[in-house]
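For reference, the structure is listed below as structure tokens.
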Amino acid sequence: MKSAAAKKTRTIAVGLCLSLAVGTPSVTHAQEVNTSLPAILRADQVSQDQDLGLIIAKGNVEVAQGDRILLADSLSYNQKSDIITASGHVKLLEPSGEVIFADYMELRDEMREGAIKQIRILLADNARLAASGGRRTGGTHTEMTKAVYSPCDVCKDTPDRPPLWQVKAERVIHDQQTKSIEYHHARLEMFGVPIAYTPYFTHPDPTVKRKSGLLIPSYKAANDYGVAIRLPYFWAISDDKDLTIDPIITTKGNPILGGEYRQAFDNGELNIRGSITVADRESESGNTELDKVRGHLFAKGLFDIDETWRWGFDYNRATDKTYLDKFDFFNDPGNTLTSTAFLEGFRRRNYTAVKAYTFQNLREGSRYDSAPVVLPLVTYQGLGEADRYGGRWEVDAGFRGLSQSDESQSVRGSLKGGYSIPFSSDLGYITTASVSVRADVYQVEHDSQNDPLGRKQSDGFAGRVVPRASLDWRYPFARYGDLGTTIVEPTAGLFIAPNGGNPADIRNDDSTVVEEDATNLFSESRAPGLDRVEGGTRAAYGMKLGHYFTNDRQIEVFLGQSYRFTKDHDLMLETGIEDGQSDYFGIVDLIPHRYVDVNYNFALNEKDLKPVKQELTMRLGPRAFNVYGRYSHLTEPRDPDTSTLEELYLALYSKVDDNWSGSLFTRQDLDGDESANESAGTLKSGMTIRYEDECFIFDGSFTRSFLDQKDVSKDDSIFFRLTFKTLGEVEL
């Protein structure tokens with residue numbers, strides 16, 4: 001049986017560039033020799049031949065020098081030639097995090113230079129390089145022959161099978177100083193089959209997060225522009241700025257030049273994206289305009305001034321209404337492009353903002369074709385500390401300037417002060433009382449003598465003062481049980497203000513569309529914005545029922561209604577807020593299971609209980625296969641630009657396994673638009689498929705659009721992209 005001393009690992013301080021001062025020529029027992037020399041050698045057995053100048057180590061050999069560590073089964077060090085020879089399961093751990101494996105290494109110059117046989121390198125991102133042999137120079141330059149590179153894992157069941165993809169090259173150079181990997185006479189293989197050859201290419205090594213070079217190209221095909229290929233190039237200008245040049249080549253038109261510029265500052269960031277091309281377009285009158293410059297520009301910036309203040313902007317513009325739909329390579333813009341510049345400050349419960357807005361309407365046939373400009377929009381909101389009674393003061397102030405070509409211009413100043421205080425009864429109900437006074441002053445220039453209701457209006461100053469009082473009452477009842485908590489909560493509110501308050505001289509610019517639903521039933525005024533106020537006396541009442549399970553599942557139902565005691569015919573015509581009883585508004589929120597989530601928001605006519613508005617959303621199923629659906633039905637739209645609506649969106653999402661996922665979707669118009677002579681049917685449908693593993697991504701999609709508008713026809717679109725991970729990827 002071996003002694004305890006014989007089991008210890010020998011640790012000797014060794015000077016790999018100097019002679020080793022050891023008293024005996026052989027170390028055969030456990031001992032430690034400490035010197036001030038720059039390397040540490042650990043092994044099961046260490047011996048020295050002073051005549052030959054050799055140090056020989058065997059068994060679990062470890063040499064640590066600086067940031068490099070060498071591991072091997074056996075090692076010899078020739079002090080005269082300063083050469084380390086290591087064999088048997090050799091591993092060299094680099095300061096960068098890379099690990100070099102080999103059967104045999106011959107190293108010198110503090111393990112920075114030498115020759116390696118059967119080299120294998122594990123890079124910092126777990127990609128691997130293997131070669132029949134290699135040579136290291138300067139500790140940063142490794143040149144390999146007959147090399148193979150791949151980040152793909154080898155199948156454990158069939159390790160002899162080639163990885164999903166790999167690059168084979170006659171010569172590979174890894175330069176850690178320039179942080180690049182170069183390939184000479186390389187071929188790309190997938191499943192062991194060569195698919196591409198190049199005499200030379202290079203890509204950044206895993207330590208690089210940003211480096212200039214080509215990004216992953218993509219392919220897309222559509223009826224409007226034919227086949228399109230994107231060939232983006234990334235230019236890392238410096239550590240704080242970069243530029244992506246994104247040319248798009250199409251078969252049915254001129255190329256499109258896109259791009260993105262980004263810059264980071266000490267106090268903020270800047271992002272500019274855009275595109276430009278020359279293409280035909282259809283004018284508003286229906287004529288074809290040839291070779292028009294078309295494009296878009298999106299720019300965004302956000303900058304801190306100090307701990308309280310910051311400023312920024314968000315600029316979004318297209319040359320025409322259909323450009324972003326026709327050339328659908330960029331983000332979906334929706335119906336409106338909004339641009340803004342702002343200065344805002346946050347301090348405790350106070351908020352101040354100065355903003356400017358302008359808009360670009362992209363909807364065909366809209367009556368709002370001109371772009372209004374809001375300049376400036378000044379807002380201040382202040383909320384005081386709770387006093388000894390629990391009440392709080394609040395102040396809202398604002399100033400707005402608005403101009404619209406061919407229509408009115410107006411300047412508005414507003415000031416509102418209020419106080420609210422809650423009361424809790426011993427019986428359990430909670431009451432909140434609020435009082436406020438709001439004053440608005442306008443200077444208006446109208447474009448006509450009469451407003452849309454036929455009332456006479458005149459230019460000049462107009463104003464109003466609206467005092468208001470409200471009372472909110474809630475009485476929650478709760479029952480606790482083993483299955484969770486059941487809550488029944490009746491709610492009521494009373495809102496009192498002078499009737500009217502909307503003279504004809506005050507133009508309605510920001511209160512044109514009122515959405516009455518359960519979310520604003522207990523608001524002081526259901527009219528959005530400030531141009532219109534809901535005066536008079538109104539009561540609101542409702543009931544909430546809910547059961548909340550102990551496992552975060554719940555069932556919650558709310559139903560409510562309001563009643564206006566005073567009549568305001570003009571308010572009803574402008575906003576749709578009717579006198580007397582309102583519709584019934586409700587919300588049903590069901591989460592009975594972790595794989596079931598249903599939300600139903602509705603409004604029912606107060607006379608016959610027929611649905612006026614419905615929106616049902618649901619998500620069913622686990623991650624492996626789930627269904628998302630949204631049903632929208634609107635029979636009495638408030639917006640004059642909106643017709644009745646009945647629409648269904650369905651999507652199936654599936655995560656088949658760790659690698660494969662996909663989706664199917666369809667958007668159906670169930671109602672049609674008689675005014676536009678359009679029948680019900682499919683608006684858009686499509687599918688996506690995605691494969692991703694540790695080394696490869698495939699993205700593909702097919703979309704069919706049935707929407708037909710000026711310059712944009714009904715369209716089929718096909719897209720796919722192959723991404724070979726680590727080959728020039730950039731973190732954006």
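Could you check region 390-468 for strands (runs of 3 or more DSSP E) lying wholly inside it with 2 or more residues that are closer than 21 Å to residue 536 by Cα?
On the way: elements: 392-403, 409-424, 430-445.
In region 390-468, 409-424, 430-445 are the strands (runs of 3 or more DSSP E) which contain 2 or more residues that are closer than 21 Å to residue 536 by Cα.
Checked against (1) under 17 Å from residue 530 (Cβ atoms); (2) modelled with pLDDT of 95 or more, residue 469 passes all but a single condition, namely (1). Among the residues of region 589-603, which ones are surrounded by 16 or more Cβ atoms within 10 Å (Cβ to Cβ) and either out of contact with any Asp or Glu (no Cβ under 6 Å at 6 or more places or on another chain) or among the small types (Gly, Ala, Ser) (or both)? Once the filter is applied, which keeps residues that are surrounded by 16 or more Cβ atoms within 10 Å (Cβ to Cβ) and either out of contact with any Asp or Glu (no Cβ under 6 Å at 6 or more places or on another chain) or among the small types (Gly, Ala, Ser) (or both), region 589-603 yields 590, 597, 598, 600, 602, 603. Taken over region 637-691, the criterion of being among the charged types (D, E, K, R) and either within 30 Å of residue 153 (Cβ to Cβ) or modelled with pLDDT under 70 (or both) is satisfied by 638, 639, 641, 655, 657, 658, 673, 674, 678, 690. Residue-level analysis places residue 553 among those that are surrounded by fewer than 18 Cβ atoms within 10 Å (Cβ to Cβ) and in contact (Cβ under 8 Å) with a residue 24 or more places away in the chain.
Name the one entry in 234, 265 that is in contact with an Asp or Glu (Cβ under 9 Å, 6 or more places away or on another chain) and exposed (fewer than 15 other Cβ atoms within 10 Å of the Cβ).
265
Within the bounds of region 339-356, is there any residue that is surrounded by fewer than 16 Cβ atoms within 10 Å (Cβ to Cβ), of a type in the set (Lys, Arg) and out of contact with any Leu (no Cβ under 8 Å at 6 or more places or on another chain)? Yes.
For region 182-221, the set of residues classified as at pLDDT below 85, part of a strand (DSSP E or B) and crowded, with 17+ Cβ neighbours inside 10 Å consists of 203, 204, 213, listed by residue number.
In summary, residue 158 fulfils each of the numbered conditions (1) part of a loop (DSSP other than H, G, I, E, B); (2) of a type in the set (Val, Ile, Thr); (3) under 34 Å from the mean Cα position of the chain (by Cα) with the single exception of condition (3).
Which one is nearest to the chain's Cα centre (by Cα) among residues in region 293-306 that are more than 13 Å from residue 256 (Cα to Cα) and among the charged types (D, E, K, R)? Here the residue is 300. When the residues of region 55-74 are filtered to those that are out of contact with any strand residue (DSSP E or B) (no Cβ under 6 Å at 6 or more places or on another chain) and assigned to a strand (DSSP E or B), the one that is surrounded by the fewest Cβ atoms within 10 Å (Cβ to Cβ) is 60.
So that you can scan it fast, the table gives a plain yes or no per residue for (1) free of Cβ contacts under 8 Å to residues at least 60 places away in the same chain; (2) out of contact with any Phe, Trp or Tyr (no Cβ under 8 Å at 6 or more places or on another chain):
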{"residue": "105", "(1), (2)": "yes, yes"}
{"residue": "117", "(1), (2)": "yes, no"}
{"residue": "127", "(1), (2)": "no, no"}
{"residue": "142", "(1), (2)": "yes, yes"}
{"residue": "157", "(1), (2)": "yes, yes"}
{"residue": "162", "(1), (2)": "yes, no"}
{"residue": "169", "(1), (2)": "yes, no"}
{"residue": "175", "(1), (2)": "yes, yes"}
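Within region 557-582, residues that are at positive phi reach partners that are not aliphatic (A, V, I, L, M) with beta carbons closer than 7 Å, at six or more positions or on different chains, in the pairs 576/638; 580/563; 580/564. The combined condition, being surrounded by fewer than 15 Cβ atoms within 10 Å (Cβ to Cβ) and hydroxyl-bearing (Ser, Thr, Tyr), is not fulfilled by residue 470. Residue 179: more than 30 Å from residue 277 (Cβ to Cβ), surrounded by 14 or more Cβ atoms within 10 Å (Cβ to Cβ) and among the basic types (Lys, Arg), yes or no? Yes; evaluated as a whole, the condition is true for this residue. Mind checking whether some residue in region 379-386 is of a type in the set (Val, Ile, Thr), over 28 Å from residue 477 (Cα atoms), at pLDDT 90 or above and surrounded by 16 or more Cβ atoms within 10 Å (Cβ to Cβ)? Yes: one or more hits. Looking only at region 222-245, residues that are part of a loop (DSSP other than H, G, I, E, B) and among the hydrophobic types (A, V, I, L, M, F, W, C) come to 1 in all.
The residue list 468, 474 contains one member that is in contact with a Ser or Thr (Cβ under 7 Å, 6 or more places away or on another chain), closer than 17 Å to residue 396 by Cβ and of a type in the set (Lys, Arg), which is 468.
The values are calculated or read from the model by the stated rules, or taken from the named source; none is laboratory data. These numbers were taken from a predicted model, which means no experiment stands behind them. Heads up, the Cβs are rebuilt from the backbone with ideal geometry, glycines too, and the neighbour counts pull from every protein chain shown.
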